[in-house]
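Notes follow once the structure below has been shown.
The values are calculated or read from the model by the stated rules, or taken from the named source; none is laboratory data. It should be emphasised that the depicted structure is a prediction, and the values quoted were computed from it without experimental measurement. Glycine also receives a Cβ, built like all others from the backbone with ideal geometry; neighbour counts cover every protein chain displayed. Heads up: the accessible areas ignore ligands, DNA and RNA and are worked out on the full protein's heavy atoms, side chains in. Shrake-Rupley method; radii C 1.70, N 1.55, O 1.52, S 1.80 Å.
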Amino acid sequence: MPSRKFADGEVVMGRWPGSVLYYEVQVTSYDDAAHLYTVKYKDGTELALKESDIRSQSSFKHRKSQSSSSSPSRRSSSRSRSRSPGRPAKGRRRSASQSREHKDDKKKTIQEASLALPVLVLFKPSENNTKRYNGEPESTEKNETSCIILEQKLKPDLEIKRVLEQYSLRSRRDDKKKEELYSEKKTLVAVKPIEKVPTKTKELEFGGRIGTSMLILLLPATVFYLLLMCKQDDPSLLNFPPLPALESLWDGRVFGLFLLWFLLQAMFYLLPIGKVVEGLPLSSGRKLQYRINGFYAFILTAAAIGVLLYFQFELHYLYDHFMQFAVSATAFSLALSIYLYVRSLKAPEEELAPSGNSGYFIYDFFIGHELNPRIGNFDLKYFCELRPGLIGWVVINLAMLLAEMKIHNLSVPSLSMILVNSFQLLYVVDALWNEEAVLTTMDITHDGFGFMLAFGDLVWVPFVYSLQAFYLVGHPTTITWPVAAAITVLNCIGYYIFRSANSQKNNFRRNPADPKLANLKFIPTATGKGLLVTGWWGFVRHPNYLGDIIMALAWSLPCGFNHILPYFYVIYFVCLLVHREARDEHHCKQKYGLAWERYCQRVPYRIFPYVY
């Protein structure tokens, strides 16, 4: 086992990932398993580097050239004396000998200068990088100091090289060949890819192994509890529902219908319709391709549902067997999670998720060990993110609307049910219409695909997000038109904040140079990305979360105030987004360093303005 070369606390020169620039860093820790050093830059950014990307500060100190003691003017004057026509022949012979010595000395100087030049090319930061680094002005860039010292040390050698080349007796053809050879070497050095080795997940979220173990049990139990409560005449928190018989929770026909639904959405996903786009670069620099056809899948699903209703299919069958559908979806998501973890054990290191590579089975199983599991071109995580669960949510709401009309003998749905269906339909259609935006979310770029996302996409979204519609079937609520109008305005406000904030962010990420975004101000970062400080993102740090919470409240208000159960969604959503915001903050602070601290000073409120 190789021993470590650099000690904790040692100040060294570390290479910035993806570039050829070296900056002064301090070693903070060393991972014996991955053989990676965790280093801290002067702006507070912490990164994991291989030993080959770290050099001691002494290696950046170069010897002064031996020929530097003799000035170019003195050498040129001696050569002019040797060529003087008034000198005797003996003097000319002595001059020729001196000239040979001088040529040898000059050759050594050129070799030393040519060796020093690539160092300058490799280690001197470009003007663009210096000005962009964390948004700091050039005069305050601390990591540039070591490179400036190198430039000052190499400047005399470069000046010598310039003068000697001016009086060189070699043919221009030789010089040209040398320049071409050096140019090729420099190009090879500049374009050499830097391998990135995924590091082990050190900071465990959700309570670590114990917390994730409990969540694997508590999340399904919470779904079943909520559905059982909605079936009761009095869904009070203190009125605990009786447990159903185990044999009543499973129905093979229901499970078959769920599989048929999943396969139908998979078939729509594979249709060669819709554009193909690239996602964000992975840690290896590779970009995956995604087909954007979620909205087409929704249209085809609506057509299929219309055909079923035309042939008198009883869609309220979903309501009658709602608990059995939830159990079937839970069993399927558990089986999918096991498959995902088993296949991730054979996945290459560069394809593992940065958040789910802890080495602990239960934690990686929950978070997701592999970042983008694919079967050929079929991306499992991307498919589950928007298709079966999100479109299924709309189908469930429609089934609840039809069940309400049948159970209560209504010719038209209630106003409350219409509002809930309309608001949530708008949300789903918006997500599918702007499907490309999901490629920049944390779910796709950071989290692996494990039990957390599999259960969340296939069970939690369709069966918990439809809780208001399910509640209204058994507990009808009457609201007036003015109240309905006020709730509609509230939902429109939330949707406007949500959509405009997400559009600003996604458009800026895709093309920061777009003339339409010229009015937006941002703080540049060391990664090359910018942090918006105007528009909605200058109002609060997560305006899209604010819009989401306002809409969640509007979805619950049509259910009245008799019970807190229909408000579970908005309560849960506030907790979810506050927790996700904390994850975002931690991730962004590590990623952007000083630039993120400046952004937090400019935008002090996280989600709720003047509150939080």
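Which is modelled with pLDDT of 95 or more, out of contact with any strand residue (DSSP E or B) (no Cβ under 6 Å at 6 or more places or on another chain) and either part of a strand (DSSP E or B) or not aliphatic (A, V, I, L, M) (or both), of Phe366, Phe332? The match here is Phe332. Look at the stretch 6-16 and say how many of its residues are assigned to a loop (DSSP other than H, G, I, E, B) and surrounded by 14 or more Cβ atoms within 10 Å (Cβ to Cβ). Counting residues in the stretch 6-16 that are assigned to a loop (DSSP other than H, G, I, E, B) and surrounded by 14 or more Cβ atoms within 10 Å (Cβ to Cβ) gives 3. Evaluation of Asn409 against the conditions (1) outside any helix (DSSP H, G or I); (2) on the phi < 0 side of the Ramachandran plot shows that the sole unmet condition is (2). If you go through the stretch 31-58 and pick out every residue that is of a type outside the set (S, T, N, Q) and either touching a Cys at 6+ places or on another chain (Cβ under 6 Å) or open to solvent by less than 40 Å² (accessible area, probe 1.4 Å) (or both), you end up with 11.
Consider Ala34 carefully, then state whether it is hydrophobic (A, V, I, L, M, F, W, C), modelled with pLDDT of 80 or more and not in a strand (DSSP E or B). Lay out the reasoning, then the answer.
Details: hydrophobic (A, V, I, L, M, F, W, C): yes; modelled with pLDDT of 80 or more: no; not in a strand (DSSP E or B): yes.
Here the answer is no, as Ala34 does not meet what is asked.
A search for C-beta distances below 7 Å between a residue of the stretch 489-504 that is more than 11 Å from Asp430 (Cα to Cα) and without any contact (Cβ under 8 Å) to a residue 40 or more places away in the chain and any residue that is in a helix (DSSP H, G or I) and of a type in the set (Gly, Ala, Ser), counting only pairs 6+ apart in sequence or on different chains, returns Gln504/Gly535.
Every listed requirement among (1) assigned by the TED database to the domain that holds Phe561; (2) surrounded by 19 or more Cβ atoms within 10 Å (Cβ to Cβ); (3) not β-branched (Val, Ile, Thr) is met by Ala485 save one, (2).
Within the stretch 322-334, none of the residues are open to solvent by 30 Å² or more (accessible area, probe 1.4 Å) and without any contact (Cβ under 8 Å) to a residue 60 or more places away in the chain. Cβ-Cβ distances below 8 Å connect the following pairs, each with a first residue in the stretch 453-481 that is more than 19 Å from Met551 (Cβ to Cβ), a second residue that is basic (Lys, Arg) and modelled with pLDDT under 95, and a separation of six or more residues or different chains: Leu453/Lys381; Gly474/Lys231. Residues that are touching a residue at least 60 places away in the same chain (Cβ under 8 Å), open to solvent by less than 40 Å² (accessible area, probe 1.4 Å) and more than 29 Å from the chain's Cα centre (by Cα) within the stretch 564-587 comprise Leu565, Pro566, listed in sequence order.
State whether one or more residues within the stretch 283-306 are at negative phi, over 34 Å from the mean Cα position of the chain (by Cα), surrounded by fewer than 17 Cβ atoms within 10 Å (Cβ to Cβ) and free of Cβ contacts under 8 Å to residues at least 24 places away in the same chain. Yes, that holds for at least one residue. Number of residues in the stretch 335-361 that are in a helix (DSSP H, G or I) and surrounded by fewer than 16 Cβ atoms within 10 Å (Cβ to Cβ): the value is 8.
For the stretch 37-70, which residues satisfy the criterion of being modelled with pLDDT under 50 and touching a helix residue (DSSP H, G or I) at 6+ places or on another chain (Cβ under 9 Å)? Can you show your working first?
Keep residues of the stretch 37-70 that are modelled with pLDDT under 50, which gives 62-70.
Within the stretch 37-70, His62, Arg63, Lys64, Ser65, Gln66, Ser67, Ser68, Ser70 qualify.
Can you tell me which residue in the stretch 588-612 is modelled with the lowest pLDDT, limited to those that are open to solvent by 30 Å² or more (accessible area, probe 1.4 Å), of a type outside the set (Phe, Trp, Tyr) and touching a Leu at 6+ places or on another chain (Cβ under 9 Å)? Residue satisfying both the conditions and the ranking: Gln590. The residue that is farthest from Phe325 (Cα to Cα), among those in the stretch 228-243 that are over 39 Å from the mean Cα position of the chain (by Cα) and open to solvent by less than 50 Å² (accessible area, probe 1.4 Å), is Ser236.
Taking the stated definitions as given, is Val420 surrounded by fewer than 16 Cβ atoms within 10 Å (Cβ to Cβ), at negative phi and in a helix (DSSP H, G or I)? In short, no.
Here's the yes/no breakdown for (1) more than 30 Å from Leu439 (Cβ to Cβ); (2) surrounded by 16 or more Cβ atoms within 10 Å (Cβ to Cβ):
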| site | (1), (2) |
| --- | --- |
| Thr201 | no, yes |
| Leu219 | no, yes |
| Leu226 | yes, yes |
| Ala245 | yes, no |
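Candidates are the residues of the stretch 590-609 that are without any contact (Cβ under 8 Å) to a residue 60 or more places away in the chain and out of contact with any Lys or Arg (no Cβ under 8 Å at 6 or more places or on another chain); the one that is nearest to Ile549 (Cα to Cα) is Pro604.
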